[in-house]
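Note sheet for the following structure.
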Amino acid sequence: MTASYPATRLRRSRAHAWSRAMHRETVLTPADLIWPLFVTEGQGVEEPIASLPGVSRWSVDGIAARAKEAVELGIPCVALFPNTPADKRSDDGAEALNPDNLMCRAIRAIKDACGNDIGVLTDVALDPYTSHGQDGLIDDAGYVVNDDTVAVLVDQALNQAQAGADIIAPSDMMDGRIKAIRMALEMGEHHNVQIMSYAAKYASAFYGPFRDAVGSGGLLKGDKKTYQMDPANSDEALREVALDIAEGADSVMVKPGLPYLDIVRRVQNEFDVPVFAYQVSGEYAMIEAAAAAGAGDREALVMETLMGFKRAGASGVLTYHAPLAAQILNG
Ligand code: PBG
């Protein structure tokens with residue numbers, strides 16, 4: 001119940017900064033941020049990514065340096081994605097199982113540099129390793145087959161856990177993979193390795209710059225609509241989340257971010273599990289393009305979108321703007 005005007009004037013509480021601070025309902029801190037990083041071969045290498053202005057691929061030494069930077073900024077976790085050299089990509093994505101692949105070397109370098117001062121989240125899916133750019137194994141018709149792919153994803157997850165990954169994040173959208181991975185982690189005595197499931201991941205047009213960054217964009221023929229979700233669906237996202245929780249996910253993700261805040265809110269309302277949102281590469285690029293075109297203040301745009309995720313009920317946000325946002329938050 002609210003008294004009517006003029007007894008109630010909602011502008012009263014907005015008149016001064018101290019009062020706005022006192023009435024603020026949502027807080028954003030560096031601890032809400034997960035920083036996605038792209039790894040590439042070499043030593044001392046930084047390769048800027050044209051479609052993601054301000055974001056680079058780093059060689060393993062540079063990745064360890066970024067992780068140290070994250071610790072200093074109060075960012076609790078980094079997410080790793082490899083740009084596998086072309087000659088190591090194959091039909092079956094076998095490089096994903098190599099204990100010395102880029103991903104595993106990056107995990108070890110971060111753990112050597114930072115120990116448990118930071119969490120390392122690793123993506124499980126075959127697209128950075130396949131010559132066709134799909135997230136799984138394909139049959140003669142090019143269809144991504146489910147159960148055979150799950151068997152490979154289990155080995156990929158174990159490979160990452162053995163290298164020291166803290167959070168396994170399957171982004172492949174195969175059915176049944178969370179249960180298979182959780183059981184394999186338990187059997188392998190990786191009891192404290194978490195699973196953050198990309199539970200509601202949509203077949204989106206916002207992944208373009210990411211595919212450039214991991215080098216799968218030029219390889220991919222067609223789309224991922226036979227496994228990633230239809231952007232028109234919302235009830236189905238709740239079914240995906242319910243299944244992944246039942247299969248053993250510790251937390252779930254909604255992806256992309258801004259166009260799907262309604263899904264974040266529904267998941268938050270209906271389940272007692274932390275929900276994270278991924279502000280994906282195309283969203284980052286859109287903000288950067290808007291700022292470059294003079295259509296808005298870059299820092300203000302970034303902070304407003306990140307606050308939006310928290311307000312929608314997200315426990316945290318994966319964002320390429322993580323270091324900028326943390327710097328702003330740290331003053
Ligand atoms: C791959 C994967 C993708 C992203 C994260 N993991 C791309 C895709 O599904 O094609 C996208 C992230 C981004 O756009 O920032 N399984």
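Before moving on, here are some points about what is shown:
- Lone qualifier among ASP250, ASP272 - being open to solvent by 50 Å² or more (accessible area, probe 1.4 Å), at pLDDT below 95, away from the ligand (no atom under 15 Å from the Cβ) and farther than 20 Å from LEU52 by Cβ: ASP272
- Of the strands (runs of 3 or more DSSP E) contained entirely in the range 19-67, those carrying at least 3 residues that are open to solvent by 40 Å² or more (accessible area, probe 1.4 Å) and in contact with a strand residue (DSSP E or B) (Cβ under 6 Å, 6 or more places away or on another chain) fall at 46-48.
- Residue within the range 209-225 that is among the polar types (S, T, N, Q) and more than 29 Å from ALA242 (Cα to Cα) present: yes
- Every residue from the range 68-105 that is open to solvent by 50 Å² or more (accessible area, probe 1.4 Å) and touching a Ser or Thr at 6+ places or on another chain (Cβ under 8 Å): ASP91, ASP92
- Matching residues in the range 106-140 - criterion: being out of contact with any strand residue (DSSP E or B) (no Cβ under 8 Å at 6 or more places or on another chain), open to solvent by 40 Å² or more (accessible area, probe 1.4 Å) and either within 17 Å of GLN160 (Cβ to Cβ) or not in a loop (DSSP other than H, G, I, E, B) (or both): ARG108, ASP112, ALA113, ASN116, ASP117
- Of the residues making up the range 7-18, those that are open to solvent by 100 Å² or more (accessible area, probe 1.4 Å) and not in a loop (DSSP other than H, G, I, E, B) are LEU10, ARG11, ARG12, ARG14, TRP18.
- Residue in the range 298-308 that is within 25 Å of ILE167 (Cα to Cα) and either within 13 Å of the ligand (Cβ to nearest atom) or out of contact with any helix residue (DSSP H, G or I) (no Cβ under 9 Å at 6 or more places or on another chain) (or both) present: yes
- Boolean, GLY257 is crowded, with 22+ Cβ neighbours inside 10 Å and within 21 Å of ALA322 (Cβ to Cβ): yes
- Selection within the range 85-100: residues that are assigned to a loop (DSSP other than H, G, I, E, B) and touching a residue at least 40 places away in the same chain (Cβ under 8 Å). The member of this set that is farthest from the ligand (Cβ to nearest atom) is PRO99.
- Looking only at residues in the range 154-180 that are without any contact (Cβ under 8 Å) to a residue 60 or more places away in the chain and touching a Gly at 6+ places or on another chain (Cβ under 8 Å), the one that is nearest to SER204 (Cα to Cα) is ASP172.
- Looking only at the range 211-239, residues that are within 15 Å of the ligand (Cβ to nearest atom) and at negative phi come to 19 in all.
- The residues of the range 173-198 that are within 18 Å of ALA163 (Cα to Cα), assigned to a loop (DSSP other than H, G, I, E, B) and open to solvent by 80 Å² or more (accessible area, probe 1.4 Å), listed by number, are GLU189, HIS191, ASN192.
- Here ILE138 meets the list (1) aliphatic (A, V, I, L, M); (2) touching a helix residue (DSSP H, G or I) at 6+ places or on another chain (Cβ under 8 Å); (3) within 14 Å of SER90 (Cα to Cα) almost entirely, failing just condition (2).
- Test: residue in the range 132-155 that is within 16 Å of VAL39 (Cα to Cα) and within 16 Å of the ligand (Cβ to nearest atom): no
- Residue ID - nearest to the ligand (Cβ to nearest atom), chosen from residues in the range 199-210 that are within 25 Å of ALA141 (Cβ to Cβ) and among the aromatic types (Phe, Trp, Tyr): TYR207
The values are calculated or read from the model by the stated rules, or taken from the named source; none is laboratory data. Keep in mind the model is a prediction, meaning the values are calculated, not measured. Glycine gets a Cβ as well: all are built from the backbone with ideal geometry, and neighbour counts include every protein chain shown. Each accessible area value is taken on the protein alone, full model and side chains, heavy atoms only, with ligands, DNA and RNA left out. Shrake-Rupley method; radii C 1.70, N 1.55, O 1.52, S 1.80 Å.
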